[in-house]
There are 2 protein chains.
Amino acid sequence: MTEKQTRAPRLDARRNHARILEVAHAVVAEQGTQASLRDIARRAGIGLGTLYRHFPTRDELLETLLGERFDRLAATAAALETTHPPADALTEWLAEYAAFTTVYRGLTSSVMTTLEDENSSLHASCLAMRQTAGRLLSNAQQAGLVRSDVTGIDLFALVNAVGWIAEQAPSLSARRDHLLGLVLDGLRPAAGRP
Amino acid sequence: MTEKQTRAPRLDARRNHARILEVAHAVVAEQGTQASLRDIARRAGIGLGTLYRHFPTRDELLETLLGERFDRLAATAAALETTHPPADALTEWLAEYAAFTTVYRGLTSSVMTTLEDENSSLHASCLAMRQTAGRLLSNAQQAGLVRSDVTGIDLFALVNAVGWIAEQAPSLSARRDHLLGLVLDGLRPAAGRP
DNA sequence: ACCTGAACACCGTTCAAGT
DNA sequence: ACCTGAACACCGTTCAAGT
């Protein structure tokens, strides 16, 4: 078979696609995940309908902007599992994800909202990542380093929540690492507690 | 002096004020803190300009809807301080606040956003509450029950963050108490930790 | 096959005109 | 003193008309 299984897109379409993503990244970096789609089309110099043709929903656009990063975070999780002891692997990955959280304002909201919406384009790539990272949690739990009543979603929600906090006010942004530390400490099993 | 220090408002103004609040509560309960102001005016049967005359900003409206609750939460904190031992008083109050968090969708966002905005009408009443509740934290810390590197804002941010999580998805809403428990556990001083 | 922009139904905010 | 709604500048989304 040749390199085109589906029909090759027209040249102008390919160029528009690329141009949209380029501009969208810039605008979303400025205005956050709720950025004006109209503004993106305007700045990209294309018709509004063209934007919608390439990305029928906002999530579709976000997925294209974030997909690679989700994949990389999944790969990082897989790598950490083999190179690091359970506890280190988990905390390291969580720090990585916390950093990811800062690339766009509103990112944590976007991710969390689409968590249980299987129709969202963000669902699949995010789920894959969460499943890979979930193994790090299981490992840490089996090693007795994390409470057993913490689910993967619990933990994921908490990291995103700390990211959300950091978005709310400058002074809180400065405390992000500290807050993440506090939260993660709470996940350790109670040693000598009632 | 008589009962009117400032001039008494006209009857129609008083009625509109009350009607707005009544309808606003209903609409915000339905749509969350980002509810359409136009919709509120429409449903209240008043002109949009009238809504703006009574509440020049959305925060002003929210403050009027939430002010009493903030005051009550402050009073609860003051009461708990005298009736309960430090640790109980703190966790009890936090549970109370966590419950408050559920009255309107988007409430945690609204509160957190205006935390460092002294111009917001939500600022004052919320600050007063936080200061009273802050004493519960201090007491718990002095009794050695809570890590000393936790500030009042840290803790307030974390409770709101758990409220935010619960807003994001139904399954997470069911875990809200569990998540709050996890987070609060993380605030206890490390007994025998490295 | 793809692009375009007008059209529609919404917002928030302001302000001249009314009573 | 207070109310009203039109006016303005924005949205997101759709779709007939173009090439």
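The values are calculated or read from the model by the stated rules, or taken from the named source; none is laboratory data. As the structure is a prediction and not an experimental result, all values here were calculated from the model. Cβ sites come from the backbone with ideal geometry, for glycine too, and all protein chains shown count toward neighbours.
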Checked the range A:141-150 for anything at the interface with chain B (Cβ under 9 Å from one of its Cβ atoms) and crowded, with 16+ Cβ neighbours inside 10 Å; matches are A:Arg147, A:Val150
Of all the helices (runs of 4 or more DSSP H) wholly in the range B:1-107, which have at least 3 residues that are crowded, with 19+ Cβ neighbours inside 10 Å? B:11-31, B:37-44, B:58-83, B:86-100
Qualifying residue in the range B:163-184 (condition: at the interface with chain A (Cβ under 7 Å from one of its Cβ atoms), part of a loop (DSSP other than H, G, I, E, B) and closer than 25 Å to A:Leu145 by Cβ): yes
Given (1) buried (at least 16 other Cβ atoms within 10 Å of the Cβ); (2) in a helix (DSSP H, G or I); (3) more than 10 Å from chain A (Cβ to nearest Cβ), identify the lone condition not met by B:Gln131. (1)
Would you confirm whether or not the range B:110-127 contains a residue that is among the hydrophobic types (A, V, I, L, M, F, W, C), outside any helix (DSSP H, G or I), away from DNA strand D (no atom under 16 Å from the Cβ) and under 26 Å from A:Ala174 (Cβ atoms)? yes
Would you be able to say whether some residue in the range B:16-23 is more than 9 Å from DNA strand C (Cβ to nearest atom), farther than 14 Å from B:Leu107 by Cα and modelled with pLDDT under 95? yes
Residue that is farthest from B:Glu68 (Cα to Cα) [pool: residues in the range B:22-54 that are more than 14 Å from DNA strand D (Cβ to nearest atom) and touching a residue at least 60 places away in the same chain (Cβ under 8 Å)]: B:Gln31
Condition met for A:Ser125 (under 26 Å from B:Thr108 (Cβ atoms) and either touching an Asp or Glu at 6+ places or on another chain (Cβ under 8 Å) or away from chain B (no Cβ under 12 Å) (or both)): no
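Given the criteria more than 14 Å from the chain's Cα centre (by Cα), without any contact (Cβ under 8 Å) to a residue 60 or more places away in the chain and away from DNA strand C (no atom under 16 Å from the Cβ), does B:Leu80 qualify?
In short, yes.
Considering only residues that are in a helix (DSSP H, G or I) and touching a Pro at 6+ places or on another chain (Cβ under 8 Å), which ones fall in the range A:134-146?
A:Leu136, A:Asn139, A:Ala140, A:Gln142
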